[in-house]
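Below is one structure, written out as structure tokens; the observations come after it.
The values are calculated or read from the model by the stated rules, or taken from the named source; none is laboratory data. Fair warning: this is a prediction, and the values are worked out from it, not measured in the lab. Glycine also receives a Cβ, built like all others from the backbone with ideal geometry; neighbour counts cover every protein chain displayed. Surface areas here come from the heavy atoms of the whole protein model, side chains and all, with no ligands, DNA or RNA. Shrake-Rupley method; radii C 1.70, N 1.55, O 1.52, S 1.80 Å.
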Amino acid sequence: MAYENPDGVKIGLEIHIQLNKLKTKMFCGCSTDYHNAAPNTHTCPICLGLPGTLPVLNKKVVEAAIKVGLALEGEIAEETQFHRKNYFYPDLPKGFQITQYDYPIVSNGKVVIEGEDGEHVVGITRAHMEEDPGKLVHIGSIEKSKGVLIDYNRSGMPLIETVTEPDMRSPKEARRFLDKFRNILEYLDVFDGNLEGAMRVDANVSVHWGTRVEVKNISSHKGVERALLYEIMRQKNVIRRGGKIVQETRHFDEGRGVTISMRTKEEAEDYRYFREPDLMPMRVRDWIPKIKETLPELPDAKRARFIEQYGITDMHARSLTSKIMLADFYEAVCAKGVDPKVAATWTADVFLGELNYRDLLISSYDGGTIGFIHAKDPEVKNSFKVLGMTELVNLFSEGKVSDRAAVEVIRTILDGTEEKTPSQIIKEKGLFKAEDDLVTKAVAEAIAENAAAVQDYLGGTEKSLNFLVGQVMKKTKGTADAKTARELIVKELKE
Amino acid sequence: MAKWMSVAQVKEKIKESSAEEVTARYLELIGKSKINGYVTVSDKALEQAKKIDAEGHDGPLAGVPIAIKDNISVAGLPNSCGSKILEGYIPPFNAHVIEKLLAAGAVILGKTNMDEFAMGSSTETSHFGPSANPWDLERIPGGSSGGSAAVVAAGEAPFALGSDTGGSVRCPAAFCGVVGLKPTHGAVSRYGVVAYANSLEQVGPLANNVEDIAVLMDVIAGYDRRDSTSIESKTEYQKALVDDIKDLKIGVPKEFFGEGIHPDVEKAVWDAIHKYESLGASWEEVSMPNIKYALASYYIIAMSEAASNLARFDGTRHGLRANGENWHAMVSKTRAEGFGTETKRRILLGTYALSAGYHDKYYLKALKVRTLVKQDFDKALSKVNLLMAPTTPNPAFKIGEKIEDPLTLYLSDVNTCPINLAGLSSISVPCGFTDGLPIGLQIIGKPFDEPSVLRAAYTFEQNTDYHTKRPPEVA
Ligand SMILES: [Zn+2]
């Protein structure tokens, strides 16, 4: 059934992403690997905008932008053109930002998302390259700041700003779009979304097809969804009370979950764009076929292949391909000859679920080990081996461990500090599934020793069966499969 | 030691005595200077010369002293651009041309005076006060590279580097009776040169003769990966120095001899053209109908680019910083105190020309005119090899004479700025005098046709003696 969009919501997004996987900045040779560095140590005369310096365009930035454009199924410009966006701000060392204006590198693309009513297409108006300014660090809280420090490590980082059509009809769709967009970028290996400041979003939203309001500089996908939910509610209430929505820019206060007015349209700045005279246009038309060849398999294609090749469900395939590193991990496990369906369940449902529960983000994969960091504290790290998952899936498939024991193994690895294989953990914790005759013996003993409970059960008290199962588990030290134990008791008592 | 020496003579002197002695001699002359040509004299010059004496150097300029315009970054020396706003700023890096000079063995004497951020034709907008013209100390040396031209004319350096955005090398060369080349846009890297108007400017050499211009070009020209607008070329500039212009076809654009031209200037330039004729060249008049719009177009483009280029001077990272209760107040006060009147005027005009509502009317229109001017040159230069015209319509004026009237002052660039709009090469060579003040002949060539320009200039020099005349006041 088609989604009716009862509030006439229209959402468009402007997303800044840092091409933080590239080695050097956009116009100078400074390293992009500044995230753990002391302030102003990854700078040079060029990214500090010292008088007399000139920008030199990093070709890798253009290649990455073209890659993104192709992945978004957009049209690629024939040549690069840069403009200056002029404004004063302490984080902007030259007093202007080098960006693209009326001839962006990418235009007219699209992204297909899982919308409110099935597949939904979000149009990409344009995507262009620009440089990141530095970063302001307030001494103390923003409200009571005693001063501002400037860190130019970020200055000159390559950015791609992507502008969508106002095609999203709910905050959920906006969130889905961002998840998908980020996923595509990570597939292209140009972007690491886990790094601080890697993605910043401005959202344009209107209700009842009315005036749009811009909510600026939201730093997380969850934040976008929350900001939009609040903003839609606010706009609906303004209209309900007979008010009018004014075209304005609002700021999202993450802490309070509300949007606050920053400035109205009349105060809009004039950026006095003009062509950057220090950069010559770079012809890129001939690069496109080559870049197309290097384009990796993208999420949708991979998902379809997983369903086909491994015989797994759409839901599992979707979840496994939601992160390129997870997809690669899963395929490596399958390549070891395990049952791909069992591997899908354990990877997509259990493993991923336990990661989410712990707020762990997948941050690396090297072919043998998948690594994660804690969402709030990147110092908290852990990893999981392809071999570990392979072993665990095999043990489970062969019936050597119960599902409860297998979950326990995953949890132990995720919470542990020393590296252990699943069989080591199983051995240490005595998690091997009890031999069948051992369970049978325990069942017989439990029935013999608990006549009262047996009578109650036969008299219709279902609860007593649970007690008997508990006794069996106790006798087998938890290694028995609870379901099997239950079946055996019922079978025994019925005869 | 002779006061005026060509580079070849300087090299001879170094061989006879030492680089140290030669440098010391120039420093002594600079010490006695009456022209305010240098803003900073390098305290490392002697040391540099001594090092070359001690270690030897096989570069083409080993031990040869040179003066550098104060908008070209030399690591460790102030780079003030004639402005207060750069007070205390010392660049931590060398401009590309400085790297080339140092590699060639040149000794940097110091930094020369200029109009603030190269905005002017007289050096009067300099925070350090005007330089004097060696031919008449009450007159300006031209600008904006006035300091460089003046020290070369006064014998305080054998040659110098300037920069030319709309005539800033050629105008002072003409006013001071020296030779000055504005290379084709892209021939010399701009890396390390503080930008006034990026799309227009080039570093250019100033010297007492054409040969030394070629020597310097062979050192500084060529591709530099740090300047995306620089272009690879294999030109060997000194090879162009041939005393022969037979079959040369000269175009004389009548628009360059417009209203207000000094009759002596007009006569001197025509005499020069007839001289060429007598040496075997032919000439014809050419028409360039769009030249009359060039000056307006030039100023709009230059000021627009300048307004943006100068935004980085905000007191935050380098140079002057005023006190303000918050960042924006600090920036406003710093810029109010740091920039001079002319710079402020051009920033405001440039900002205005790029503003919403005026952008199309001014900036875009200026770009269209630029295209038309280029086409005029293309057309003219398809029929002839070179164009010849006065460098400036008038000789050097008195200090203070025009500074209150910016529009008249802007007219000094009327014959030189079209060449920058079109990105061509052009040289000014001495071709006569009026009331004891030098006159410059401008020779304009196709893009990257410096060899033809230099050859014509060299031939003229070989057959005339204007370039051997020295200013009386400081002789
Ligand atoms: Zn840098």
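What the table shows:
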quantity: Per-residue average of Cβ from other chains inside 10 Å of A:82-94; calculated: 4
quantity: Peptide A:52-61 - average C-beta neighbours from other chains (10 Å radius); calculated: 5
quantity: Ranking by accessible area, most exposed first, for A:K94, B:K15, B:K111 with a 1.4 Å probe; calculated: B:K15, A:K94, B:K111
quantity: Summed buried accessible surface, chains B and A, 1.4 Å probe, nearest 100 Å²; calculated: 2700
quantity: Among the listed pairs A:K23/A:K323; A:K60/A:K180; B:K34/B:K333; A:K341/A:K420, those beyond 27 Å (Cα-Cα); calculated: B:K34/B:K333
quantity: Among B:L46, B:I347, B:G147 - extreme Cα towards positive end, dipole of chain B, charges at beta-carbon; calculated: B:I347
quantity: Within straight-line cross-link reach of B:K32, lysines at Cα separation under 23 Å, skipping those fewer than 8 residues along the same chain; calculated: B:K3, B:K13, B:K44, B:K50, B:K69, B:K111, B:K398, B:K469
quantity: Value of relative contact order over segment B:265-402, rounded to a whole percent, pairs C-alpha under 8 Å and six or more apart; calculated: 34
quantity: Solvent-accessible ranking of A:R305, A:R486, largest area first, probe 1.4 Å; calculated: A:R486, A:R305
quantity: For segment B:162-317: lysine pairs under 19 Å (alpha-carbon distance), excluding those fewer than 8 apart on one chain; calculated: 8
quantity: With DNA, RNA and ligands ignored, accessible area of B:F159 (1.4 Å probe; Å², nearest 10); calculated: 0
quantity: Peptide B:357-368, shielding by other chains (average Cβ, 10 Å cutoff); calculated: 1
quantity: Cα-based shape type of the protein assembly as shown, given that a ≥ b ≥ c are square roots of the gyration tensor eigenvalues and the cut on a/c is 1.5; calculated: prolate
quantity: Mean separation of Cα contacts under 8 Å, 6 or more apart, over the residue count of segment A:368-495: relative contact order %; calculated: 19
quantity: Cα-based shape type of segment A:434-494, given that a ≥ b ≥ c are square roots of the gyration tensor eigenvalues and the cut on a/c is 1.5; calculated: prolate
quantity: Long-range amide H partners of B:T392 with built H, under 5 Å; calculated: B:G440
quantity: For segment B:225-234, Karplus couplings with θ = phi - 60° (6.51, -1.76, 1.60), whole Hz, Gly/Pro x; calculated: 5, 7, 10, 5, 8, 7, 10, 5, 8, 9
quantity: Cα long-axis angle, helix A:386-397 against chain A (0 to 90 degrees, to the nearest 10); calculated: 30
quantity: Calculated over chain B: convex hull of Cα atoms, volume per residue (Å³); calculated: 132
quantity: Rounded to 5, percent antiparallel among DSSP beta bridges of chain B; calculated: 70
quantity: Tensor-based shape of segment B:189-277 (alpha-carbon gyration tensor, a/c under 1.5 rounded, otherwise prolate or oblate); calculated: oblate
quantity: GluC sites (Glu not before Pro) restricted to segment A:1-90 and DSSP loop, no more than 11 other C-beta within 10 Å; calculated: A:E4
quantity: Relative contact order (%) - segment A:434-494, alpha-carbon pairs under 8 angstrom, separation at least six; calculated: 39
quantity: Ranking by accessible area, most exposed first, for B:T40, A:T421, B:T391 with a 1.4 Å probe; calculated: A:T421, B:T40, B:T391
quantity: Considering only the protein assembly as shown, percent of DSSP beta bridges that pair antiparallel, nearest 5; calculated: 85
quantity: Selection of trypsin sites (Lys or Arg not before Pro), segment A:357-461, meeting DSSP coil and at most 13 other Cβ within 10 Å; calculated: A:K376
quantity: Loop-resident sites, segment B:108-146, for GluC sites (Glu not before Pro), counting at most 15 other Cβ within 10 Å (DSSP); calculated: B:E138
quantity: Eligible aspartates and glutamates near B:K15 by straight Cα distance, threshold 15 Å, same-chain separation 8 or greater; calculated: B:D53, B:E55, B:D58
quantity: Using alpha-carbon coordinates, inclination of helix A:299-310 to the longest axis of chain A, degrees; calculated: 20
quantity: In Å, descending, principal axis extents of the Cα set of segment B:44-112; calculated: 40, 20, 19
quantity: Per-residue SASA entry for B:F175, accessible area with 1.4 Å probe, Å² rounded to 10; calculated: 10
